[in-house]
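Enquirer: Have a look at the structure that comes next, please.
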Amino acid sequence: MQRFHHVMYKNVKAVAMESDQNRVYLVHKAVLAAVFICNNLMRGEFPIKLSQQQVEFFNTFGFLKLTGMFKDDIDDITEAFERVLQAYQEKSTIHDGSKRTMVGGCVDSSARLSALLDDPRILGACSSLLGDDFIYWGSDGNYYSGDTGWHPDGQEENHLHIKVAFYLDPLDGTNGALRVIPGSHRMGEQYAKDIKRTVMNSEQYLGIHGSEVPAQVLDVIPGDVLIFDHRTFHSAWNGSTLRRMFTMNLCRQYPEDKLDELRSMIVNHVSSHITEYYGIQMRETADSERMKHLVTMLGLMDWDKQTKHLKEKIYISVD
Ligand SMILES: O=C(O)CCC(=O)C(=O)O
């Protein structure tokens, strides 16, 4: 790579020398900047940002598909996911396809999956939508079974929360691909109000089955990443009894005077007694960069005290 940089630099400089000094200087600076960026990208130090068009698409429609983003790593990621799901089943119930198996904190239970939060592709996509100081606030790992009806994941009117979803099997409209209703995240607009009022009971209000509600089907192959606004209505139909998927939930940083809103939102998502907010692997393998995205939730409340009344958490920890 160093050699490539050197050759590139020499060639561009040679071309530039043909014309005036000023141009030599500008090209020189541009090449140095490109070399600096390449080096940092190779070390994984720079988030790979979304384009302005992708951000605009997300803001307009409430979702985004990042085709092939993890295609080179997906085997490794799927193995880590399976290790968590298998470890969970050893401590709890075996998935028999009769209902969804959901492992809360799936990503936090695995060092490999936790490292996604350091990955320049995830950092770039999430920081493009949420700002550099976004909060990572949770994950789940699933063996889905059958249909998932229409719903949003949240209704925070003034604060952006997103879900990053990895589906681990090829899916299309015939076998359980996620569907989204474009624009349904735009709470407050009449269109979004009508969707909220009708699609969860589509037979009654619209005279159609949930699978017939006009929507964008997000076909995926493993390695694709889907991102959607929590307010976006989504569903899945015609799925098998073993659809594998995990998600990460993230949001914009909350200012100090709005932390109570975050506290009341998050309390509804914690369903077991925890002493620390994140799973063991997520905390123990975090460097100072990752910590930036964890620190708000870690200090948000006395988790032990606030969750004592809930059932004991099943902790999973795999490499
Ligand atoms: O894939 C599915 O069945 C639905 C996914 C979903 O509802 C979610 O992640 O919030």
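Enquirer: Using Cβ contacts closer than 10 Å as the measure, can you line up Phe166, Phe61 from fewest to most?
Expert: Phe61, Phe166
Enquirer: Let me ask something else. Quick one: what Rg and Dmax do you get for the chain from the alpha carbons, in Å?
Expert: Over the chain's Cα set, Rg and Dmax evaluate to 22.3, 76 Å.
Enquirer: Next question, about the same structure. Using alpha carbons only, what's the Rg to Rh ratio of the range 203-268 with Rh from Kirkwood?
Expert: 1.07
Enquirer: Work out from phi, with θ = phi - 60° and the Karplus expression 6.51 cos²θ - 1.76 cosθ + 1.60, the ³J(HN,Hα) of each residue of the range 312-319, listed in order in whole Hz, and give x for Gly and Pro.
Expert: After applying 6.51 cos²θ - 1.76 cosθ + 1.60, I find 4, 6, 8, 7, 10, 9, 10, 5 Hz.
Enquirer: Which pairs, out of Lys91/Lys311; Lys91/Lys313; Lys65/Lys196, put more than 19 Å between their alpha-carbon atoms?
Expert: Lys65/Lys196
Enquirer: Pick from Asp302, Asp224, Asp257: which residue has the top mean-square fluctuation in a GNM of the chain where Cα pairs under 10 Å get a spring?
Expert: For the chain, modelled as a Gaussian network with Cα springs under 10 Å, the answer is Asp257.
Enquirer: Report the full-extension gain for the segment His159 to Lys311: residue separation times 0.36 nm, less the Cα-Cα distance, to one decimal in nm.
Expert: Using 0.36 nm per residue and subtracting the Cα-Cα distance, I get 51.7 nm.
Enquirer: Within a 10 angstrom radius of the beta carbon, how do Ser110, Ser240 rank from fewest other beta carbons to most?
Expert: So the ranking, lowest neighbour count to highest, is Ser240, Ser110.
Enquirer: Here is a further query. Please list, in order along the range 180-189, the HN-Hα scalar couplings obtained from phi with the Karplus expression 6.51 cos²θ - 1.76 cosθ + 1.60 (θ = phi - 60°), rounded to whole Hz, x for Gly and Pro.
Expert: Karplus-based 3J(HN,Hα) across the range 180-189 equals 10, 9, x, x, 6, 7, 7, 3, x, 7 Hz.
Enquirer: Here is a follow-up. Averaging sequence separations of C-alpha pairs under 8 Å and six or more residues apart, then dividing by the length of the chain, give the relative contact order as a whole percent.
Expert: Reported as a whole number, the value is 25 percent.
Enquirer: What percent antiparallel are the DSSP beta bridges of the chain, to the nearest 5?
Expert: Expressed as a percentage, antiparallel bridges in the chain total about 90.
Enquirer: What does the charge count near Asp194 come to, summing +1 for each Lys or Arg and -1 for each Asp or Glu among other residues with Cβ under 15 Å from its Cβ?
Expert: Net charge in that neighbourhood comes out at +4.
Enquirer: Fully extended, how many nm does the chain gain between Ile94 and Thr285 (0.36 nm per residue separation, minus their Cα-Cα distance)?
Expert: Gain in length upon complete extension: 65.9 nm.
Enquirer: For the range 141-152, just list the computed ³J(HN,Hα) in residue order, Karplus coefficients 6.51, -1.76 and 1.60, θ = phi - 60°, integers in Hz, with x standing in for Gly and Pro.
Expert: x, 9, 9, 7, 9, x, 7, 10, x, 5, 6, x
Enquirer: Take each uninterrupted DSSP H stretch in the chain, measure its Cα extent along the helix axis, and return the ones at 30 Å or beyond whose mean Kyte-Doolittle hydropathy is at least 0.0.
Expert: Length and hydropathy pass: 21-42.
Read-outs: derived from the displayed coordinates by stated rules, not from any lab. Everything quoted here is computed from the prediction, not taken from an experiment. Note: ideal-geometry Cβ built from the backbone for every residue, glycine included; neighbour counts use all protein chains shown.
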